[in-house]
Amino acid sequence: MNRLIPPSTPILDTDVMPDEPLTEPTATDEPSIAGPTAPPPPIKRLRRRSDAPVGGVASGLADYLGIDPVIVRILIVVLAVGGGSGFLLYLAAWILVPDDHDTDPRPVAFNSSLTAIIFGAIVLVAASSAVFGTVNLNFNESVIIPLLLIGAGFYLLNQRAVTGQDEPTATAWSPTPAAAPPPPSGPDSNDLVHWATPIVAEPPAPADPKPPVTSVTLAVAATVVGILLVLGQLTSLTVGAGAVFGAIATVCGLGLVASAFVGRARPLVAVAVVALVGLSLAPLADATIAGGLGPREYRPDNQAELLPTYDVGAGYIELDLRNVDFVDDASLELDVGAGYAEVIAPTDVNLEIESRSRFGMVTILGDEQSGVDVDLVRSDQLREGAPTLRIIADVTFGAIEVRRG
Amino acid sequence: MVERPRKRRLVVGSAVLAPGLTGLLTDVGEVTAATSFAIAVLISGLVLLVGLVTSTRVS
(Lines give C-alpha, C1' and ligand atoms only; values in the text may rest on other atoms or scores of the structure.)
Protein backbone atom coordinates (compact mmCIF):
# COMPACT_ATOMS: atom_id res chain seq x y z
CA MET A 1 0.00 0.00 0.00
CA ASN A 2 1.42 3.25 -1.09
CA ARG A 3 1.54 6.22 1.22
CA LEU A 4 0.92 9.69 -0.04
CA ILE A 5 3.38 11.17 2.44
CA PRO A 6 6.00 8.88 3.91
CA PRO A 7 6.70 9.45 7.60
CA SER A 8 10.35 10.31 7.02
CA THR A 9 9.56 12.87 4.38
CA PRO A 10 9.45 16.50 5.50
CA ILE A 11 6.01 17.68 4.85
CA LEU A 12 6.75 21.38 5.12
CA ASP A 13 6.94 23.08 1.84
CA THR A 14 9.70 25.66 1.79
CA ASP A 15 7.53 27.90 -0.31
CA VAL A 16 5.25 28.51 2.54
CA MET A 17 7.81 28.51 5.35
CA PRO A 18 8.50 31.75 7.21
CA ASP A 19 11.91 33.37 6.90
CA GLU A 20 13.05 32.48 10.42
CA PRO A 21 14.46 29.02 10.87
CA LEU A 22 12.49 26.65 13.03
CA THR A 23 14.44 26.25 16.22
CA GLU A 24 13.93 24.50 19.51
CA PRO A 25 12.60 26.86 22.11
CA THR A 26 14.86 27.51 25.03
CA ALA A 27 14.10 28.32 28.61
CA THR A 28 14.57 31.99 27.91
CA ASP A 29 12.28 32.08 24.95
CA GLU A 30 8.89 33.53 25.36
CA PRO A 31 6.41 30.88 24.42
CA SER A 32 4.45 32.12 21.51
CA ILE A 33 1.41 30.04 22.21
CA ALA A 34 1.14 29.25 25.85
CA GLY A 35 -1.29 29.10 28.65
CA PRO A 36 -1.49 31.70 31.39
CA THR A 37 2.05 32.42 32.58
CA ALA A 38 1.30 34.68 35.50
CA PRO A 39 4.37 35.36 37.59
CA PRO A 40 4.40 33.72 40.99
CA PRO A 41 3.10 35.92 43.76
CA PRO A 42 5.78 37.92 45.54
CA ILE A 43 7.26 36.33 48.63
CA LYS A 44 6.05 37.91 51.80
CA ARG A 45 8.83 38.90 54.12
CA LEU A 46 8.64 40.49 57.50
CA ARG A 47 10.09 43.95 57.06
CA ARG A 48 9.88 47.18 58.97
CA ARG A 49 8.29 50.01 57.06
CA SER A 50 10.84 52.75 56.58
CA ASP A 51 8.18 55.41 56.08
CA ALA A 52 6.48 54.75 59.44
CA PRO A 53 6.49 57.41 62.16
CA VAL A 54 8.43 55.35 64.73
CA GLY A 55 10.21 52.09 64.01
CA GLY A 56 7.88 50.72 61.37
CA VAL A 57 7.47 47.47 63.31
CA ALA A 58 3.69 47.64 63.63
CA SER A 59 3.04 48.62 60.04
CA GLY A 60 5.58 46.07 58.80
CA LEU A 61 3.96 43.31 60.83
CA ALA A 62 0.54 44.40 59.65
CA ASP A 63 1.75 44.29 56.04
CA TYR A 64 3.11 40.81 56.62
CA LEU A 65 -0.09 39.54 58.21
CA GLY A 66 -2.31 41.46 55.83
CA ILE A 67 -4.24 43.21 58.57
CA ASP A 68 -4.80 46.78 59.61
CA PRO A 69 -1.76 48.36 61.32
CA VAL A 70 -4.08 49.86 63.93
CA ILE A 71 -4.81 46.37 65.28
CA VAL A 72 -1.11 45.64 65.68
CA ARG A 73 -0.49 49.03 67.29
CA ILE A 74 -3.29 48.48 69.80
CA LEU A 75 -1.92 45.04 70.62
CA ILE A 76 1.57 46.42 71.15
CA VAL A 77 0.28 49.20 73.38
CA VAL A 78 -1.79 46.72 75.42
CA LEU A 79 1.25 44.49 75.86
CA ALA A 80 3.43 47.47 76.70
CA VAL A 81 1.04 48.76 79.33
CA GLY A 82 0.38 45.32 80.75
CA GLY A 83 3.81 44.42 82.02
CA GLY A 84 6.08 46.03 79.48
CA SER A 85 6.50 43.02 77.22
CA GLY A 86 5.14 44.98 74.25
CA PHE A 87 7.85 47.56 74.72
CA LEU A 88 10.56 44.91 74.88
CA LEU A 89 9.21 43.04 71.86
CA TYR A 90 8.92 46.26 69.87
CA LEU A 91 12.47 47.19 70.75
CA ALA A 92 13.75 43.72 69.83
CA ALA A 93 11.88 43.81 66.53
CA TRP A 94 13.19 47.30 65.81
CA ILE A 95 16.74 46.06 66.31
CA LEU A 96 16.41 42.71 64.58
CA VAL A 97 13.89 43.01 61.77
CA PRO A 98 15.36 44.54 58.62
CA ASP A 99 13.63 47.47 57.03
CA ASP A 100 12.01 47.31 53.62
CA HIS A 101 15.14 48.54 51.83
CA ASP A 102 17.08 45.51 53.04
CA THR A 103 17.52 42.79 50.44
CA ASP A 104 18.56 40.16 52.97
CA PRO A 105 16.09 37.29 52.54
CA ARG A 106 16.17 36.30 56.18
CA PRO A 107 13.03 37.11 58.16
CA VAL A 108 15.10 38.37 61.05
CA ALA A 109 18.63 39.62 60.78
CA PHE A 110 20.94 42.02 62.44
CA ASN A 111 20.82 45.29 60.60
CA SER A 112 24.48 45.95 60.96
CA SER A 113 27.60 44.44 62.37
CA LEU A 114 27.44 47.04 65.15
CA THR A 115 24.05 45.68 66.26
CA ALA A 116 25.43 42.17 66.20
CA ILE A 117 28.40 43.25 68.31
CA ILE A 118 26.17 45.01 70.85
CA PHE A 119 23.82 42.04 71.07
CA GLY A 120 26.73 39.62 71.38
CA ALA A 121 28.29 41.77 74.10
CA ILE A 122 25.06 41.78 76.11
CA VAL A 123 24.82 38.01 75.82
CA LEU A 124 28.44 37.57 76.85
CA VAL A 125 28.13 39.89 79.84
CA ALA A 126 24.98 38.16 81.02
CA ALA A 127 26.52 34.73 80.56
CA SER A 128 29.71 35.79 82.33
CA SER A 129 27.69 37.18 85.19
CA ALA A 130 25.96 33.86 85.51
CA VAL A 131 29.11 31.81 85.29
CA PHE A 132 31.21 33.83 87.69
CA GLY A 133 28.42 34.53 90.12
CA THR A 134 28.76 38.28 89.96
CA VAL A 135 25.04 38.58 90.41
CA ASN A 136 24.90 35.77 92.98
CA LEU A 137 23.47 33.18 90.70
CA ASN A 138 24.24 29.52 90.98
CA PHE A 139 24.28 27.26 87.96
CA ASN A 140 20.68 26.15 88.27
CA GLU A 141 19.54 29.72 88.47
CA SER A 142 21.84 30.91 85.76
CA VAL A 143 20.75 32.66 82.66
CA ILE A 144 22.69 30.36 80.39
CA ILE A 145 19.73 28.15 79.52
CA PRO A 146 17.42 31.10 78.88
CA LEU A 147 20.06 32.72 76.73
CA LEU A 148 20.47 29.50 74.83
CA LEU A 149 16.73 29.53 74.27
CA ILE A 150 16.87 33.07 72.99
CA GLY A 151 19.77 32.15 70.75
CA ALA A 152 17.92 29.10 69.49
CA GLY A 153 14.96 31.29 68.64
CA PHE A 154 17.03 33.68 66.57
CA TYR A 155 18.95 30.79 65.01
CA LEU A 156 15.70 29.16 63.91
CA LEU A 157 14.51 32.40 62.39
CA ASN A 158 17.76 33.00 60.54
CA GLN A 159 18.17 29.39 59.53
CA ARG A 160 15.11 29.58 57.35
CA ALA A 161 17.02 31.39 54.66
CA VAL A 162 19.74 28.77 54.67
CA THR A 163 17.35 25.86 54.30
CA GLY A 164 15.34 27.72 51.72
CA GLN A 165 12.05 27.01 53.45
CA ASP A 166 11.15 30.60 53.10
CA GLU A 167 11.21 30.36 49.36
CA PRO A 168 8.11 29.56 47.39
CA THR A 169 7.67 25.91 46.64
CA ALA A 170 6.89 26.35 42.95
CA THR A 171 8.12 23.47 40.85
CA ALA A 172 10.93 24.37 38.51
CA TRP A 173 9.55 24.57 35.02
CA SER A 174 11.04 25.20 31.66
CA PRO A 175 8.97 25.55 28.58
CA THR A 176 9.27 22.50 26.39
CA PRO A 177 7.59 22.00 23.11
CA ALA A 178 4.53 19.91 23.25
CA ALA A 179 3.95 17.02 20.91
CA ALA A 180 3.34 18.30 17.47
CA PRO A 181 -0.22 18.26 16.38
CA PRO A 182 -1.12 16.08 13.48
CA PRO A 183 -0.18 17.59 10.16
CA PRO A 184 -2.80 19.12 8.02
CA SER A 185 -4.69 16.62 6.07
CA GLY A 186 -3.64 17.79 2.68
CA PRO A 187 -0.71 19.43 0.97
CA ASP A 188 -2.88 22.28 -0.11
CA SER A 189 -3.61 23.35 3.38
CA ASN A 190 -2.96 27.02 3.98
CA ASP A 191 -2.47 26.61 7.72
CA LEU A 192 1.05 25.27 7.69
CA VAL A 193 2.61 28.32 9.24
CA HIS A 194 0.45 27.93 12.26
CA TRP A 195 1.33 24.32 12.55
CA ALA A 196 5.05 25.05 12.31
CA THR A 197 4.94 27.38 15.27
CA PRO A 198 6.16 25.61 18.39
CA ILE A 199 3.47 25.04 20.93
CA VAL A 200 4.59 25.11 24.49
CA ALA A 201 3.06 23.09 27.25
CA GLU A 202 1.18 25.04 29.85
CA PRO A 203 3.32 25.56 32.93
CA PRO A 204 2.09 24.14 36.16
CA ALA A 205 0.46 26.65 38.41
CA PRO A 206 3.00 27.85 40.97
CA ALA A 207 2.33 26.64 44.46
CA ASP A 208 1.31 29.28 46.92
CA PRO A 209 4.19 30.40 49.06
CA LYS A 210 3.53 29.23 52.60
CA PRO A 211 4.58 31.67 55.29
CA PRO A 212 6.61 29.91 57.96
CA VAL A 213 4.02 30.30 60.69
CA THR A 214 5.01 27.19 62.63
CA SER A 215 8.74 27.75 62.74
CA VAL A 216 8.41 31.47 63.39
CA THR A 217 5.95 30.78 66.21
CA LEU A 218 8.23 28.19 67.78
CA ALA A 219 11.19 30.52 67.47
CA VAL A 220 9.22 33.34 69.08
CA ALA A 221 8.07 30.97 71.84
CA ALA A 222 11.65 29.93 72.57
CA THR A 223 12.73 33.56 72.60
CA VAL A 224 9.89 34.68 74.86
CA VAL A 225 10.55 31.85 77.31
CA GLY A 226 14.22 32.73 77.32
CA ILE A 227 13.49 36.40 77.96
CA LEU A 228 11.07 35.47 80.75
CA LEU A 229 13.62 33.25 82.43
CA VAL A 230 16.29 35.93 82.18
CA LEU A 231 13.91 38.46 83.72
CA GLY A 232 13.04 35.92 86.40
CA GLN A 233 16.69 35.63 87.34
CA LEU A 234 17.70 39.24 87.08
CA THR A 235 14.58 40.84 88.54
CA SER A 236 12.04 40.05 91.21
CA LEU A 237 9.67 38.62 88.64
CA THR A 238 8.36 35.16 89.56
CA VAL A 239 8.82 32.82 86.65
CA GLY A 240 7.83 29.25 87.36
CA ALA A 241 6.71 26.32 85.26
CA GLY A 242 3.29 27.92 84.93
CA ALA A 243 4.76 31.03 83.35
CA VAL A 244 6.91 28.99 80.97
CA PHE A 245 4.14 26.70 79.77
CA GLY A 246 1.71 29.59 79.81
CA ALA A 247 4.01 31.62 77.58
CA ILE A 248 4.43 28.73 75.16
CA ALA A 249 0.67 28.18 75.02
CA THR A 250 0.07 31.91 74.57
CA VAL A 251 2.51 32.22 71.69
CA CYS A 252 1.14 29.05 70.10
CA GLY A 253 -2.37 30.45 70.44
CA LEU A 254 -1.33 33.67 68.73
CA GLY A 255 0.45 31.62 66.06
CA LEU A 256 -2.70 29.62 65.44
CA VAL A 257 -4.71 32.81 65.16
CA ALA A 258 -2.11 34.16 62.71
CA SER A 259 -2.33 30.92 60.74
CA ALA A 260 -5.94 31.74 60.02
CA PHE A 261 -4.65 34.55 57.82
CA VAL A 262 -1.23 33.47 56.59
CA GLY A 263 -1.14 29.75 56.03
CA ARG A 264 -1.39 26.54 57.95
CA ALA A 265 0.27 25.67 61.21
CA ARG A 266 -1.07 22.28 62.17
CA PRO A 267 2.02 21.23 64.20
CA LEU A 268 1.33 24.13 66.52
CA VAL A 269 -1.79 22.36 67.76
CA ALA A 270 0.32 19.49 69.09
CA VAL A 271 2.78 21.90 70.69
CA ALA A 272 -0.09 23.82 72.27
CA VAL A 273 -1.60 20.62 73.67
CA VAL A 274 1.74 19.67 75.23
CA ALA A 275 2.06 23.17 76.66
CA LEU A 276 -1.43 23.03 78.14
CA VAL A 277 -0.74 19.63 79.72
CA GLY A 278 2.46 21.09 81.15
CA LEU A 279 0.50 24.08 82.36
CA SER A 280 -1.93 21.86 84.24
CA LEU A 281 0.98 20.04 85.88
CA ALA A 282 2.92 23.24 86.56
CA PRO A 283 2.02 23.50 90.26
CA LEU A 284 3.38 20.00 90.73
CA ALA A 285 6.55 20.89 88.86
CA ASP A 286 7.01 24.09 90.86
CA ALA A 287 6.47 22.28 94.14
CA THR A 288 8.87 19.52 93.12
CA ILE A 289 11.54 22.02 92.15
CA ALA A 290 11.03 23.99 95.35
CA GLY A 291 10.44 21.16 97.76
CA GLY A 292 12.30 18.19 96.42
CA LEU A 293 11.33 14.58 96.86
CA GLY A 294 10.87 12.18 99.73
CA PRO A 295 9.30 12.07 103.17
CA ARG A 296 9.74 15.00 105.55
CA GLU A 297 9.13 14.89 109.25
CA TYR A 298 9.29 18.01 111.40
CA ARG A 299 8.97 18.10 115.21
CA PRO A 300 9.82 21.61 116.37
CA ASP A 301 10.28 22.04 120.12
CA ASN A 302 9.45 25.72 120.36
CA GLN A 303 7.88 28.49 118.37
CA ALA A 304 11.21 29.87 117.19
CA GLU A 305 11.91 26.63 115.33
CA LEU A 306 8.80 26.98 113.23
CA LEU A 307 9.46 27.51 109.55
CA PRO A 308 7.22 29.86 107.60
CA THR A 309 6.81 27.30 104.83
CA TYR A 310 7.08 23.53 104.62
CA ASP A 311 7.49 22.23 101.06
CA VAL A 312 7.76 18.86 99.44
CA GLY A 313 7.52 18.19 95.73
CA ALA A 314 6.49 14.59 95.91
CA GLY A 315 6.29 12.72 99.15
CA TYR A 316 5.00 13.03 102.66
CA ILE A 317 5.13 15.79 105.25
CA GLU A 318 4.43 15.15 108.88
CA LEU A 319 4.44 18.29 111.01
CA ASP A 320 4.08 17.49 114.65
CA LEU A 321 3.50 20.66 116.71
CA ARG A 322 2.55 19.02 119.99
CA ASN A 323 5.83 19.99 121.65
CA VAL A 324 5.52 23.66 120.78
CA ASP A 325 4.32 25.92 123.52
CA PHE A 326 2.75 28.80 121.60
CA VAL A 327 3.07 32.17 123.26
CA ASP A 328 2.13 34.30 120.24
CA ASP A 329 0.02 33.98 117.18
CA ALA A 330 1.79 32.05 114.43
CA SER A 331 1.29 31.31 110.80
CA LEU A 332 2.72 28.62 108.54
CA GLU A 333 2.20 27.26 105.07
CA LEU A 334 2.38 23.73 103.72
CA ASP A 335 2.91 23.11 100.03
CA VAL A 336 2.83 19.58 98.69
CA GLY A 337 3.07 18.76 94.99
CA ALA A 338 1.98 15.16 95.10
CA GLY A 339 1.58 13.21 98.29
CA TYR A 340 0.27 13.59 101.78
CA ALA A 341 0.54 16.28 104.42
CA GLU A 342 -0.34 15.70 108.03
CA VAL A 343 -0.34 18.40 110.71
CA ILE A 344 -0.76 17.53 114.36
CA ALA A 345 -1.67 20.70 116.23
CA PRO A 346 -1.44 21.22 120.00
CA THR A 347 -4.62 21.24 121.97
CA ASP A 348 -4.18 24.65 123.58
CA VAL A 349 -4.18 26.98 120.58
CA ASN A 350 -6.93 28.41 118.46
CA LEU A 351 -6.78 27.16 114.91
CA GLU A 352 -7.57 28.89 111.62
CA ILE A 353 -7.07 26.56 108.70
CA GLU A 354 -7.31 27.16 104.98
CA SER A 355 -6.65 24.10 102.90
CA ARG A 356 -6.87 23.27 99.26
CA SER A 357 -6.37 20.14 97.24
CA ARG A 358 -6.64 20.38 93.47
CA PHE A 359 -7.12 16.64 93.05
CA GLY A 360 -7.58 14.68 96.23
CA MET A 361 -8.89 14.81 99.76
CA VAL A 362 -8.88 17.28 102.61
CA THR A 363 -9.56 16.33 106.23
CA ILE A 364 -9.66 19.19 108.71
CA LEU A 365 -10.46 18.44 112.33
CA GLY A 366 -12.53 15.46 111.30
CA ASP A 367 -14.33 17.24 108.48
CA GLU A 368 -13.55 15.45 105.23
CA GLN A 369 -14.02 16.48 101.61
CA SER A 370 -12.67 15.02 98.41
CA GLY A 371 -12.75 15.64 94.67
CA VAL A 372 -11.35 18.22 92.30
CA ASP A 373 -10.46 21.69 93.57
CA VAL A 374 -11.45 21.01 97.15
CA ASP A 375 -11.29 24.08 99.36
CA LEU A 376 -11.93 23.74 103.04
CA VAL A 377 -11.72 26.54 105.60
CA ARG A 378 -12.17 25.80 109.28
CA SER A 379 -11.77 27.77 112.47
CA ASP A 380 -11.55 26.22 115.89
CA GLN A 381 -11.55 28.79 118.71
CA LEU A 382 -10.82 27.14 122.03
CA ARG A 383 -10.82 30.15 124.28
CA GLU A 384 -10.58 33.91 124.17
CA GLY A 385 -7.00 35.25 124.36
CA ALA A 386 -5.26 32.00 123.43
CA PRO A 387 -2.64 32.20 120.68
CA THR A 388 -3.92 31.48 117.21
CA LEU A 389 -2.15 29.18 114.80
CA ARG A 390 -2.98 29.90 111.19
CA ILE A 391 -2.27 27.11 108.71
CA ILE A 392 -2.48 27.44 104.94
CA ALA A 393 -2.11 24.06 103.25
CA ASP A 394 -2.01 23.40 99.51
CA VAL A 395 -1.72 20.00 97.88
CA THR A 396 -1.86 19.57 94.11
CA PHE A 397 -2.38 15.81 93.99
CA GLY A 398 -3.01 14.08 97.26
CA ALA A 399 -4.41 14.60 100.71
CA ILE A 400 -4.16 16.99 103.63
CA GLU A 401 -5.04 16.16 107.19
CA VAL A 402 -5.00 18.58 110.12
CA ARG A 403 -5.92 17.27 113.56
CA ARG A 404 -5.27 17.97 117.18
CA GLY A 405 -2.85 15.72 119.02
CA MET B 1 -19.10 35.01 55.95
CA VAL B 2 -15.89 33.55 57.37
CA GLU B 3 -14.64 30.41 55.67
CA ARG B 4 -14.68 27.36 57.87
CA PRO B 5 -10.97 26.43 58.16
CA ARG B 6 -10.11 30.00 59.01
CA LYS B 7 -12.81 30.17 61.62
CA ARG B 8 -11.62 26.87 63.09
CA ARG B 9 -8.05 28.13 63.39
CA LEU B 10 -9.24 31.33 65.02
CA VAL B 11 -11.33 29.44 67.55
CA VAL B 12 -8.57 26.93 68.32
CA GLY B 13 -6.02 29.71 68.64
CA SER B 14 -8.21 31.68 71.01
CA ALA B 15 -9.00 28.54 72.99
CA VAL B 16 -5.28 27.89 73.46
CA LEU B 17 -4.61 31.52 74.20
CA ALA B 18 -6.98 31.72 77.16
CA PRO B 19 -5.43 29.07 79.44
CA GLY B 20 -1.95 30.05 78.32
CA LEU B 21 -2.49 33.64 79.31
CA THR B 22 -4.11 32.52 82.56
CA GLY B 23 -1.03 30.53 83.53
CA LEU B 24 1.31 33.28 82.45
CA LEU B 25 -0.53 36.05 84.27
CA THR B 26 -1.04 34.00 87.42
CA ASP B 27 2.64 33.20 87.66
CA VAL B 28 4.24 36.38 86.41
CA GLY B 29 1.56 38.94 87.17
CA GLU B 30 1.14 37.74 90.75
CA VAL B 31 -2.61 38.03 90.56
CA THR B 32 -5.13 35.44 91.59
CA ALA B 33 -6.08 32.66 89.22
CA ALA B 34 -9.61 34.03 88.95
CA THR B 35 -8.40 37.49 87.94
CA SER B 36 -5.94 36.01 85.47
CA PHE B 37 -8.63 33.85 83.98
CA ALA B 38 -10.95 36.81 83.58
CA ILE B 39 -8.27 38.89 81.88
CA ALA B 40 -7.23 35.96 79.67
CA VAL B 41 -10.78 35.25 78.58
CA LEU B 42 -11.28 38.93 77.81
CA ILE B 43 -8.12 39.12 75.69
CA SER B 44 -8.86 35.83 73.94
CA GLY B 45 -12.37 36.97 73.21
CA LEU B 46 -11.08 40.22 71.78
CA VAL B 47 -8.55 38.38 69.63
CA LEU B 48 -11.27 36.07 68.34
CA LEU B 49 -13.60 38.97 67.68
CA VAL B 50 -10.98 41.01 65.83
CA GLY B 51 -9.96 37.93 63.87
CA LEU B 52 -13.50 37.15 62.82
CA VAL B 53 -14.25 40.76 61.91
CA THR B 54 -11.01 41.05 59.94
CA SER B 55 -11.68 37.75 58.19
CA THR B 56 -15.14 38.84 57.25
CA ARG B 57 -13.80 42.08 55.83
CA VAL B 58 -10.99 40.33 53.92
CA SER B 59 -13.27 37.72 52.40
Contour excess over end-to-end distance, with Cα ends at A:V77 and A:R322 and 0.36 nm allotted per residue: 82.6 nm
Interatomic Cα distance distribution for segment A:274-373, bins of 5 angstrom, percent: 3, 11, 20, 23, 19, 13, 7, 3, 1, 0
Total accessible surface hidden between A and B, rounded to 100 Å², 1.4 Å probe: 2000 Å²
Portion, in percent, of the accessible area of segment A:292-346 that falls on carbon or sulfur, probe 1.4 Å: 47 percent
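Per residue of A:237-243, count partner chain C-beta atoms within 10 Å of its C-beta, then hand back the mean as an integer. Please report the intermediate quantities before stating the final value.
Numbers: counts 4, 5, 3, 4, 2, 9, 7.
For this peptide, the per-residue mean of nearby foreign Cβ atoms is 5.
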Spin-label pair A:Q303/A:R264, simplified geometry with 7 Å Cα→Cβ offset, distance in nm: 6.8 nm
Residues in segment A:245-285 that, when all protein chains are in place, have 40 Å² or more less accessible area than the chain alone would give (probe 1.4 Å): A:T250, A:L256, A:V257, A:A260, A:F261, A:L276
Accessible-area value, A:D335, 1.4 Å probe, nucleic acids and ligands omitted, Å²: 60 Å²
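The values are calculated or read from the model by the stated rules, or taken from the named source; none is laboratory data. Worth saying up front: this structure is predicted, and the values here are computed from it rather than measured. When we count neighbours, we look across all protein chains shown, and the Cβ atoms used for this are built from the backbone with ideal geometry, even at glycine. Side chains are part of the model used for accessible areas, which takes the heavy atoms of the whole protein and leaves out ligands, DNA and RNA. Shrake-Rupley method; radii C 1.70, N 1.55, O 1.52, S 1.80 Å.
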